[in-house]
Amino acid sequence: MSIQAKIDKSFPTISLQTLSGKSLALGEPRQGQWRLLVVYRGLHCPICKKYLGRINDMKADFDKLNVQIVAVSTDPEEKATKLASELDLDFEVAYGLGIDQARDLGMYISNPMDSTETDRPFAEPGLFFIRPDGRLHFCEISSVPFCRPDLEMIKMGVSTIQEKDYPPRGMG
């Protein structure tokens, strides 16, 4: 596995389309902002829907911390649109992350268990916190759908990072 997403290094250059019609470079937050990049499994995942819904509920909290939220999956545009519409998401959703691109981020890749799950391989969940300069500050990558970072803890950690200039850890 080729992991290119490394702590305190520039996030890999991956550009994708968003549901708002813009091209978005995953590792390039808006000017002066931090980015919380959430990789979700896809429309087929009920746990992802619950997690993204919780993030949506906390968007105002992350806005106060100057954090832009972006969700992305390997789903095509139609499935990403359906998910964003179902959940009434109020943050940017990118789509079409390639399997090789997901592997470059260090994501675990799964094949569908059967045709009722989905119709293609997909990335398991992950969360990346990217500084305004495009460098990765922390991440959490999972091999299963039910292992996700606690969002209240993430919010508290982001606040600590910003207030105390808390450095990236786990680089050695």
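Net charge dipole, the stretch 1-154: roughly 320 debye, given to the nearest 20, about the Cα centre with Cβ charges of +1 for Lys and Arg and -1 for Asp and Glu.
Potential lengthening of the chain between Tyr166 and Lys49 amounts to 39.0 nm, from the contour at 0.36 nm per residue minus the alpha-carbon distance. Normalised by the number of residues in the chain, the average gap of Cα pairs under 8 Å and 6 or more apart makes the relative contact order 30 percent. In summary, the aspartates and glutamates within cross-link reach of Lys79, defined as a Cα separation below 12 angstrom excluding same-chain residues under 8 places away, comprise Asp119. Listed cross-link partners Lys82/Lys164; Lys22/Lys164; Lys6/Lys64 are compared with a 32 Å cut-off, the Cα-Cα value being larger for Lys82/Lys164; Lys22/Lys164.
None of the figures in this text is laboratory data; all of them are computed from the coordinates on show. Keep in mind the model is a prediction, meaning the values are calculated, not measured. Methodologically, a virtual Cβ is constructed for each residue, glycine included, from the backbone with ideal geometry; neighbour enumeration extends over all protein chains shown.
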